[in-house]
Amino acid sequence: MKSLGKLFLLILLSFAIATALFFVNSDVIVSSWKDNIGEIAFVAVPVFIVLALLYYVNKALVKTVKGLKKKKPSGEEGLNN
């Protein structure tokens, strides 16, 4: 259930970013509100893909770094006698 919530959050964030990108370029082309909603939805898909990739790469990187621990040699290992 946690994963579904994070996925939903990524979708909301992607729509927010797509809406912000749309309003930055809203003066370039004048169109109807149906076109505006379609453009926002169309831009949200690649933004979602990029955000999801960044999220999962970051998650894997954090898991890998946490897995790496300095291991001390046991007993006589590492001694030159």
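Some notes on this structure:
- Contact order, relative form, for segment 2-57: 53 percent (alpha carbon pairs under 8 Å, 6 or more residues apart, mean separation divided by residue count).
- Considered as an equivalent ellipsoid built on the Cα gyration tensor, segment 2-57 has semi-axes of 25, 11, 8 Å, the largest given first.
Values quoted throughout were computed directly from the atomic coordinates according to the rules given, and no laboratory measurement underlies them. Only a predicted model underlies this, so the values are computations on that prediction, with no experimental measurement involved.
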